[in-house]
1. If you scan the stretch 128-148, which residues turn out to be aliphatic (A, V, I, L, M) and either over 11 Å from Ala165 (Cβ atoms) or without any contact (Cβ under 8 Å) to a residue 40 or more places away in the chain (or both)?
2. May I ask you to list the residues in the stretch 178-209 that are among the β-branched types (Val, Ile, Thr) and assigned to a loop (DSSP other than H, G, I, E, B)?
3. Enumerate the pairs (first residue in the stretch 175-201 and acidic (Asp, Glu); second residue anywhere and surrounded by 18 or more Cβ atoms within 10 Å (Cβ to Cβ) and assigned to a helix (DSSP H, G or I)) with beta-carbon separation below 6 Å, excluding pairs fewer than 6 apart on the same chain, so at least 6 apart or on different chains.
4. Could you list, in sequence order, the residues of the stretch 111-126 that are surrounded by fewer than 21 Cβ atoms within 10 Å (Cβ to Cβ) and under 19 Å from His55 (Cα atoms)?
5. Are any of the residues in the stretch 96-110 farther than 30 Å from Ala170 by Cα and either surrounded by 15 or more Cβ atoms within 10 Å (Cβ to Cβ) or at pLDDT 95 or above (or both)?
6. Go through the stretch 29-43 residue by residue and tally those that are out of contact with any Ser or Thr (no Cβ under 9 Å at 6 or more places or on another chain) and under 19 Å from Phe119 (Cβ atoms).
7. Is at least one residue of the stretch 136-146 under 22 Å from Leu47 (Cα atoms), of a type in the set (A, V, I, L, M) and not in a helix (DSSP H, G or I)?
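The values are calculated or read from the model by the stated rules, or taken from the named source; none is laboratory data. Fair warning: this is a prediction, and the values are worked out from it, not measured in the lab. Neighbour counts are summed over all protein chains in view; Cβ atoms, including those assigned to glycine, are modelled from backbone coordinates with ideal geometry.
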Amino acid sequence: VCRWKETPLANAAFWAARRGNLALLKLLLNSGRVDVDCRDSHGTTLLMVAAYAGHIDCVRELVLQGADINLQREVGQALYLKKNDQAQRSEVFITSGTTALFFAAQQGHNDVVRFLFGFGASTEFRTKDGATALFLAAQGGYLDVIRLLLASGAKVNQPRQDGTAPLWIASQMGHSEVVRVMLLRGAERDAARNDGTTALLKAANKGYNDVIEELLKFSPTLGILKANELPAELTKNERILRLLRSKEGPRKS
C-alpha cells in the first residue's frame, strides 16, 4: 500500500473517486500504477473517499478490484526517540478506527452501506473517542442507514468514551423517528452520559417535543440529576412542561 506517497497518478485517482468519475478511476486502476488501497496524506483510502461522496459505481469498482473494505484510516504521528544522546524522529501510523462504512454512514448513503455489508463490512470498529458507525448515522438522522446497521449487528447501546449513546445523540439532534426506532430495538431509555445527563434531559433542554413524546412512551426516569431536578424545571416551554408533568410522580420534598 502506498502510504503517504502522493504521486500524480494517485492524486488523479483520488480526484476521480471524489468526483465519481468511474471511467478515469478504472483507467488508473487498470494501469497497474495505482494501488487500489493507496492512501492520501491524511491516511484515507480511495474506497473511503468514494463511500463518503456516495458514488456507488466507484465503490463497486474499487471493491471488485480488491479494495480492503475493513481497512481503517491511518493518521501519521511523529515520534521522537533518544539514541546516543540525540533525538531521532520516526513516524508511526495510528489507526483512527474509521472504515469506508463509517464514511458512508456519516453521510447517509444507504446504497453504499448496503453494498459494503454485502461484501463483509464490519460494525465492530470504533473511532478514537469510541464512536461507532451507528452513532454517526444517529447523529445525522439517517433512518434507513440506521435500520441497515441494526439489522447487520450494530450494538444499539454502544456509547462513546464519554458515555454518549446513539439514542442520546439522536435526542440531542431532534431526530424523533430515529429515537423511536432505537427504543423499539432495545435502546436503554435512561442511559446517561458521564456527566449524568440523559436523552430526556437533553431533549427537554433543546425543546424537542416530538423526541420527548417518543421517550415518554417508554416510561423513562424523570428524576435524573444529582439534585433530583426534573427536566421540567430546565425549560420554559409550556407544552414540554405539561408533557413531563403528566408523567411525573410525587415530587420529593
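1. At the first step, the residues of the stretch 128-148 found to be aliphatic (A, V, I, L, M) are 131, 133-134, 136-138, 143, 145-146, 148.
Those that are aliphatic (A, V, I, L, M) and either over 11 Å from Ala165 (Cβ atoms) or without any contact (Cβ under 8 Å) to a residue 40 or more places away in the chain (or both): Ala131, Ala133, Leu134, Leu136, Ala137, Leu143, Val145, Ile146, Leu148.
2. Thr197
3. That search, which allows pairs on different chains as well, returns Glu177/Leu143.
4. Within the stretch 111-126, Asp111, Arg114, Phe115, Phe117, Gly118, Phe119, Gly120 qualify.
5. As a first pass, look at the stretch 96-110 and keep what is farther than 30 Å from Ala170 by Cα: none.
No; the residues of the stretch 96-110 include none that is farther than 30 Å from Ala170 by Cα and either surrounded by 15 or more Cβ atoms within 10 Å (Cβ to Cβ) or at pLDDT 95 or above (or both).
6. The total comes to 2.
7. No, every residue in the stretch 136-146 fails to be under 22 Å from Leu47 (Cα atoms), of a type in the set (A, V, I, L, M) and not in a helix (DSSP H, G or I).
Let's see how each residue does on (1) closer than 18 Å to Ala131 by Cα; (2) buried (at least 18 other Cβ atoms within 10 Å of the Cβ); (3) not charged (D, E, K, R):
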position	(1), (2), (3)
Val178	yes, yes, yes
Met182	yes, yes, yes
Arg185	no, no, no
Ala191	yes, no, yes
Asn194	yes, no, yes
Glu214	no, yes, no
Pro220	no, yes, yes
